[in-house]
Each structure stands twice: as structure tokens, then as C-alpha cells.
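> Provided herewith is a single structure, encoded as C-alpha cells, for subsequent inquiry.
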Amino acid sequence: NPHAQMPPATGDNPHAQMPPATGDNPHAAGGDTTGTSGSAANDTVPPPSTLDMSAIRRLPVQADGRVQPLDTFAREIVLTVTGSQSFEGRDPVELVLSWTTHGPAWSHRSLIYVPNKPLKTAIGLDPGQSNFPLTVLAGNQKLHDLAQADRNEGQNATNLEKEATVVFGRVEMLEEVFNGRILAMVPTGPDPNTAWLTPADIQGMDKNSATLLVAFFKAYVANDKSFSQDVRAFEDAMRTKAGAAYLTSQAIDLELAYNHYRPFRVAWELYLAALILVGLGTYWQTLRPVALTLAIAGFLVHTGGIVMRVLISHRPPVTNMYESVVWVAWGCAGLGLALAWKYKQPAAAIAATLMAAILLILTDALPSALDPSIQPLMPVLRSNFWLTVHVLTITLSYAAFTLAMALGHGWLVMSFLHSSDEKRSSIARFLNSTLRVGVLLLAAGTLLGGVWAQYSWGRFWGWDPKEVWALIALLGYLLIIHGQYAGWLGPRGVAVGSVVGFLGVLMAWYGVNYVLGKGLHSYGFGTGNVGWAIGYTCVELGFVALITAVTKNDPATDTAV
């Protein structure tokens, strides 16, 4: 039962149950888990609280191997459970508090995100619905069996079984919230490695901690304006208790600023505004300097966001797909702006700004697929120097190839439109430069990966799928450059190669982790969006085939640059 009984109150004992919201106990049995309705009282979800949440969102909690403000953790919980940044427009912090104190009422609301249609069909859910109640999913035996099969089969599990495990994890997380077992707010002392206590552990707390904890929860449920004062009193006591293990006020301010200002969203908005002005600059030349200024501003904000994330996490941005996409977008924008500055022509900056905007929009629009949460490094990744150099070098090569792919598209479109030789030569010059930068970085990154593998796993090369596809991508680009030097490929061939070659990067970067799901790089695995990757590949191949067929008789497209 996800609504386990909290310890009973006895007289003046501070080790009491969390204050009730409906009935006598917010953590009392919430009815069956078969999808039927509970009591009328438990079905009533309270409206959003009107209390000031500024103090509680600063409150440090221990989660995911690090201490972080409740604001961060609440955002991650809501995103993980619902698949969205918010639910019904409610503030994530207030929503998590409501889930903790009014669990039975929320258990019948469609909270849990289930996006995979084959999974929904397999477990008997409506494939047209995206979110489902805990009461429906917690008692779904088919979902439980598929998740168990994934755990038993490991890397041999099917995509359906992997998706079931993701959904089952959301079910378990929501149950933990309802149980009061997820908000680890009470440190047990100054040791940073000791697990903190949650409201469900109230019987194990010292009397002062329990009294202060109960006080602010009671104030929240009663909508009492003393709530903020009670939270601050609790935080002051916990800071004294935890000492250096507690977050400093400066660290809290930094993380709240990162959460509030969302620098990567601001960056793509600036990039997008720059692109719009570039388009308008075709008619009004005076707008082009403004567009360049906006692109540079976007890059600076982008850089600031990465710096903030590094300072918050105390590590480089190398842990997950989200961070790699953000880093690739940064590298792409930086390289494009540098080439534009060197050659005094805007084509590379326009292509780079476009790709950086697209990548950052994807991170913003697909938070359930590209998890933005800040996670600590796994033990296998803690050889920080070689890991950092290897991953950042590899992903910078992906940035160069992303820019090359965009320039290749630009060159092919210009050939289709019969643009001037001067414009095509400019694009070809940028394309050649980015391909060579990408090959240099990918070769260096692959070798550095071998050094890290020797350091971490005791062997330089082991034909792991990630290693194999990085090598395939490298050989593919080396073939393009060699073909150009040997006279086999003209500008059209290089442009086609830059587009098709990027499919090898896509497989090494995304496909190994999300399609194959095998190998020693298991810490980076995920599920989902395989259909989109296949669709993208088909579209690109179709585009190349069409443009090549239309322009094959144009001798200018085969003139070497």
C-alpha cells in the first residue's frame, strides 16, 4: 500500500504523524489500487496554497547523491512523474508538499506519464491518453511483469520491457512521495555521507528536529502565515546540526538563479531572434549588426549557463545526453562565430546559430527524454581528468560535424537554387574547415577514450559498441577528406558526405545508447524516440538523393574548391 500509516500521535510527543489534510491521516490507506474510486474525502484535491513558498524552496534536501534546494528536487520529481515542468499550472514545490500531505486525494488523479503507445496497449491502457492515476498503474500486473522481466534480462531486455521499467520507476517515486519517504530534510550530523531522514522517519529523529518539522508541515496544511517563519526556524536548526554538510546560502542562491532564469532557454531565444533579424536583414542591411550582437549575446548566456551548472554540480558537463547536447550546441555556436570572425563572412555564424538554437530547443521541449537533472558522477566516471578530456573532446567533434552537416545542407540547397559560385565557394570553404576540425577532435577524443578505458577497465580497446561506432564515424569522415584530396569528390560530394557522415555521428552519439542499449557505456543508456531517429535518417537520405539527382548535370557543382 503506497499510503503507509505514519507513526501515531501520543499526547505532546513531537514524533507525531504529519498533519492531516482529509480524514485523520494523510498517509492512511488510500483505497485499493485497481482503479476504483476511494472515499469522497480522499478524492478531494485541495486548491493551490496561497502561502509564500520562497523560504521552503530554499530548504536543502539530500537526494540523488547530493544536497540541493527543495526547488530543484521538486522540479525533478514533477518532471519525472508527470513528464512536464508543471502540473495544472501549480508551483512544483507547492505541488510536492501537497502530494506529501494529501496523498490519498492525489492517487486518483492522472499524474503519471506513460508516453509509449505499444506499452499502453500491452498493459491495457488507453493509447490516446498520456497520464494515468497511481491507483490504475500500481495494481497493473502486466506492467509489473514487464518491469520485472527487464530487471531479470538486463541488456537483453526488449524496448517494451525497458519502457515498463521507466514507468514503474515513476509509480514507485510517487508512492515514496505519498509515503513521506522522499523528502530527506533532516541531517543526522556533519558527516556528508550519512543518509538524511525523511518525514516518514520521524520516530528516529531527535525531539527538536521532529518538533520543528511537524510545525511547518502543520502550518502548510492549515494555510497559516507562520509557515515561512517555521521553515526558517527549521532550516537554521538543521544548518547548525549539519555544519559543513549543509548547503551554503551562496550555493542555494546560485542554484535558485539557475532554476529561475533558465539560461539555456534564454540562449536559444537570443539565437532565434538573431536568425529572424538575419532574414529581415536581407531587406534592411542595418539589422545585420544587431543580429550578430544577439548571436554573440546568446553564446555568452549559453556559456554562463554551462559555468553555473559546473559550479552547482562540482564537475564538468559530461554525465548524460542532456549535458552533451547542451555542450555540442555551445561548441557549434562557438566554432561558427569564430569562423565567421576569421573569414569576415556570416554563413558559418548563421548555420551555427541555427543548429545551436535547434539543439537547445530540443533540450527544452523534450525534458522527459533529455533529463536536465544534475546528477553526481557514477564511480566508474570519477577518474575526472581522463573522463573530462575524453568526453569533452569527443562531443566538441560532434559540434564540428553538426556545423558541417548544416553547411552541407546549405551548399546543396544553394546548388539546387543555382546560387552564385561565390556564395557556394564561401560555404565550401567553411565546410572544409569544420570537417578537418571535427576529424582532428574525433581522432584525439577516440585515443583519449582508449587511455581512459585503460585507466578504468584495464584495456585500451575492447570493441565495445560505443568504441566501434566512434571508429566507424572517424573512418567515414577520413574517407571524405581523402576523397577530396585524391580528386574523387568535388564540392558536391563533400557536401553530400557531410550530411551522410553525420548519420554515423548520430549512431555513435545517440544510437548506441538509445537504440542498441548494449556495451560498457551502460551508465549512459536510455529509451525512446527510436522512430524519430529512423525517420530523420530516411529524410536525410531522401534529401541527398533528390538534390543529387536534380543537380548531377550541373558542372559547377563538381568544381573543386
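The values are calculated or read from the model by the stated rules, or taken from the named source; none is laboratory data. For clarity, every value in this text was computed on a predicted model and none was experimentally measured. Note: ideal-geometry Cβ built from the backbone for every residue, glycine included; neighbour counts use all protein chains shown. Surface accessibility is based on the protein's heavy atoms, side chains included, excluding ligands, DNA and RNA. Shrake-Rupley method; radii C 1.70, N 1.55, O 1.52, S 1.80 Å.
> Hey, any hits in region 102-120 for a residue that's in a helix (DSSP H, G or I), open to solvent by less than 10 Å² (accessible area, probe 1.4 Å), among the hydrophobic types (A, V, I, L, M, F, W, C) and free of Cβ contacts under 8 Å to residues at least 24 places away in the same chain?
Here is the first cut: in region 102-120, the ones in a helix (DSSP H, G or I) are 103-106, 117-120.
Among the residues that remain, those that are also open to solvent by less than 10 Å² (accessible area, probe 1.4 Å) are: 103-106, 119-120.
Next, from what is left, pick out any that are among the hydrophobic types (A, V, I, L, M, F, W, C): 105-106, 119.
Subset that is free of Cβ contacts under 8 Å to residues at least 24 places away in the same chain: none.
Within region 102-120, not a single residue is in a helix (DSSP H, G or I), open to solvent by less than 10 Å² (accessible area, probe 1.4 Å), among the hydrophobic types (A, V, I, L, M, F, W, C) and free of Cβ contacts under 8 Å to residues at least 24 places away in the same chain.
> What are the residues in region 68-120 that are within 30 Å of Ala245 (Cβ to Cβ), at pLDDT below 95 and among the aromatic types (Phe, Trp, Tyr), if any?
Correct list: empty.
> Restricted to region 440-451, and to residues that are closer than 22 Å to Gly511 by Cα and in contact with a His (Cβ under 8 Å, 6 or more places away or on another chain), which residue is most open to solvent (accessible area, probe 1.4 Å)?
Within region 440-451, the subset closer than 22 Å to Gly511 by Cα is 441-450.
From the residues that got through so far, the ones that are in contact with a His (Cβ under 8 Å, 6 or more places away or on another chain) too are 445, 448-449.
Values: Gly445: 0, Leu448: 38, Gly449: 12 Å².
Among those residues, the one meeting the criterion is Leu448.
> Filter region 476-514 down to the residues that are among the small types (Gly, Ala, Ser) and surrounded by 20 or more Cβ atoms within 10 Å (Cβ to Cβ), then identify the one that is modelled with the lowest pLDDT.
Gly511
> While we're on this one: Take region 307-348 and flag every residue that is in a helix (DSSP H, G or I), β-branched (Val, Ile, Thr) and open to solvent by 20 Å² or more (accessible area, probe 1.4 Å). I'd like the intermediate steps shown before the answer.
Kept after step one, since they are in a helix (DSSP H, G or I), are these residues of region 307-348: 307-313, 321-343, 347-348.
Applying the additional criterion that residues be β-branched (Val, Ile, Thr) yields 307, 310, 312, 325-326, 328.
Hits for region 307-348 are Val307, Val310.
> Right, next: For region 431-481, which residues satisfy the criterion of being β-branched (Val, Ile, Thr) and either within 25 Å of the chain's Cα centre (by Cα) or not in a helix (DSSP H, G or I) (or both)?
Initially, region 431-481 is screened for residues β-branched (Val, Ile, Thr), giving 434, 437, 439, 446, 451, 468, 472, 480-481.
The one that is β-branched (Val, Ile, Thr) and either within 25 Å of the chain's Cα centre (by Cα) or not in a helix (DSSP H, G or I) (or both): Thr446.
> Next up: Which of the residues belonging to region 165-188 are in a helix (DSSP H, G or I) and open to solvent by 40 Å² or more (accessible area, probe 1.4 Å)? I'd like the intermediate steps shown before the answer.
Here is the first cut: in region 165-188, the ones in a helix (DSSP H, G or I) are 165-179.
Once the filter is applied, which keeps residues that are in a helix (DSSP H, G or I) and open to solvent by 40 Å² or more (accessible area, probe 1.4 Å), region 165-188 yields Val166, Glu172, Met173, Glu175, Glu176.
> Related question: Go through the residues of region 364-372 one by one and say whether even a single one is in a helix (DSSP H, G or I) and either touching a residue at least 24 places away in the same chain (Cβ under 8 Å) or more than 17 Å from Leu506 (Cβ to Cβ) (or both).
Step one: list which residues in region 364-372 are in a helix (DSSP H, G or I), which gives 364-365.
Next, from what is left, pick out any that are either touching a residue at least 24 places away in the same chain (Cβ under 8 Å) or more than 17 Å from Leu506 (Cβ to Cβ) (or both): 364-365.
Looking for residues that are in a helix (DSSP H, G or I) and either touching a residue at least 24 places away in the same chain (Cβ under 8 Å) or more than 17 Å from Leu506 (Cβ to Cβ) (or both), one finds at least one in region 364-372, hence yes.
> Which residue pairs have Cβ atoms closer than 8 Å, lie 6 or more positions apart in sequence or on different chains, and pair a first residue in region 292-308 that is under 18 Å from Leu354 (Cβ atoms) with a second residue that is of a type in the set (D, E, K, R) and assigned to a helix (DSSP H, G or I)?
Cβ pairs passing all conditions: Gly298/Glu269.
> Something else now. Only residues in region 141-157 that are part of a helix (DSSP H, G or I) count as the first member; pair them with residues that are surrounded by 12 or more Cβ atoms within 10 Å (Cβ to Cβ) and among the small types (Gly, Ala, Ser), Cβ under 6 angstrom, at least 6 apart or cross-chain, and list the lot.
Leu143/Ala164; Leu146/Ala164; Ala147/Ala164; Asp150/Ala157
> Let me ask something else about it. Exactly one of (1) of a type outside the set (D, E, K, R); (2) open to solvent by 60 Å² or more (accessible area, probe 1.4 Å); (3) modelled with pLDDT of 95 or more is unmet by Val136. Its number?
So the condition that Val136 fails would be (2).
> Pick from Gly528, Gly535, Gly542: which is assigned to a loop (DSSP other than H, G, I, E, B) and either modelled with pLDDT under 85 or of a type in the set (Gly, Ala, Ser) (or both)?
Values: Gly535 fails: assigned to a loop (DSSP other than H, G, I, E, B); Gly542 fails: assigned to a loop (DSSP other than H, G, I, E, B).
Among Gly528, Gly535, Gly542, only Gly528 is assigned to a loop (DSSP other than H, G, I, E, B) and either modelled with pLDDT under 85 or of a type in the set (Gly, Ala, Ser) (or both).
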